[in-house]
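> Please read through the structure below; I'll follow up with questions.
We did not get these values from a lab; they are worked out from the coordinates using the rules stated. Everything quoted here is computed from the prediction, not taken from an experiment. Cβ coordinates were reconstructed from backbone atoms using ideal geometry, including for glycine residues, and neighbour counts include every protein chain displayed.
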Amino acid sequence: MRFVIDTNLLVSGVISAGLPRRLIDGAKAGEFELCTSEVLLAELLDVLSRGKFAARLVQAQLTPEGIVADLRRLAVVVSPITVPRVVFADADDDHVLAAALAGAADLIASGDRRDLLPLGNYEGIPIVTAREAVERLEARGTV
């Protein structure tokens, strides 16, 4: 199984325990393949470099660059040929969809209740919450 995990869930998984962390741990354990793109990795670096995350990262002895480098090594990094214009309210979300399509993802895990989750799916790829993603892994007996 191959998942795209959007930036907000990756940030949550890095800075706190919970379902997003379980997804990251599942990818590290080989329970599914993580799929991303350079654009999504750059967005993650930008978000993790914000001052509001600095104290937590220092406390955990992590750096934004180190986190992104680890994810780059862990993930299948795809290069979408085109980026669809689907989420008009937030063009960054279109890059999530493009990575999922280019990477032949089976699932997009998102915490974006405003734009991505309401779509339900994109080109047949389900867009689900972290809880639903973990439940799907559990149903397969991999988590």
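> Working out 0.36 nm times the residue gap between SER16 and MET1, then minus their Cα-Cα distance, what length gain in nm do you get to one decimal?
Taking SER16 through MET1 to full extension adds about 2.9 nm, to one decimal.
> Ratio of region 2-139's C-alpha Rg to 2.2 N^0.38 Å, to two decimals?
0.98
> Would you kindly derive the ³J(HN,Hα) couplings of region 93-105 from the backbone phi angles with the Karplus curve 6.51 cos²θ - 1.76 cosθ + 1.60 (θ = phi - 60°), listing them in order in whole Hz, with x for Gly and Pro?
Once rounded to whole Hz, the list reads 5, 4, 5, 5, 5, 5, 5, 5, 5, 5, x, 6, 5.
> Amide H to amide H, which residues 5 or more places from VAL78 or on other chains are under 5 Å from it, using H placed in the peptide plane?
Residues meeting the criterion, in which the H sits 1.01 Å from N, are THR36, SER37, GLU38.
> Using a Förster radius of 35 Å, what is the FRET efficiency between LYS52 and ARG73 based on their Cβ-Cβ separation? Nearest 0.05, please.
0.85
> In a shell of Cβ-Cβ distance under 11 Å around ALA105, excluding ALA105 itself, what net charge do Lys and Arg (+1) and Asp and Glu (-1) give?
Combined, the nearby Lys, Arg, Asp and Glu give -2.
> Further question: Report, in deg cm²/dmol and to the nearest 500, the calculated mean residue ellipticity at 222 nm for the chain, where each DSSP H run with n ≥ 4 adds -39500 (n - 2.57) and the sum is divided by the residue count.
Calculated mean residue ellipticity at 222 nm is -15000 deg cm²/dmol.
> For ASP112, what residues show an amide H to amide H distance below 5 Å, using hydrogens built from the backbone and excluding near sequence neighbours?
HN-HN under 5 Å from ASP112: LEU117.
> Now a separate question. Please list, in chain and number order, the residues 5+ apart from LEU107 or on another chain whose amide H is under 5 Å from its amide H, with Hs placed from the backbone.
ARG2, VAL4
> Take the alpha-carbon centre of region 58-126, take the same for region 29-51, and report the distance between them in whole Å.
So the two Cα centres are separated by 8 Å.
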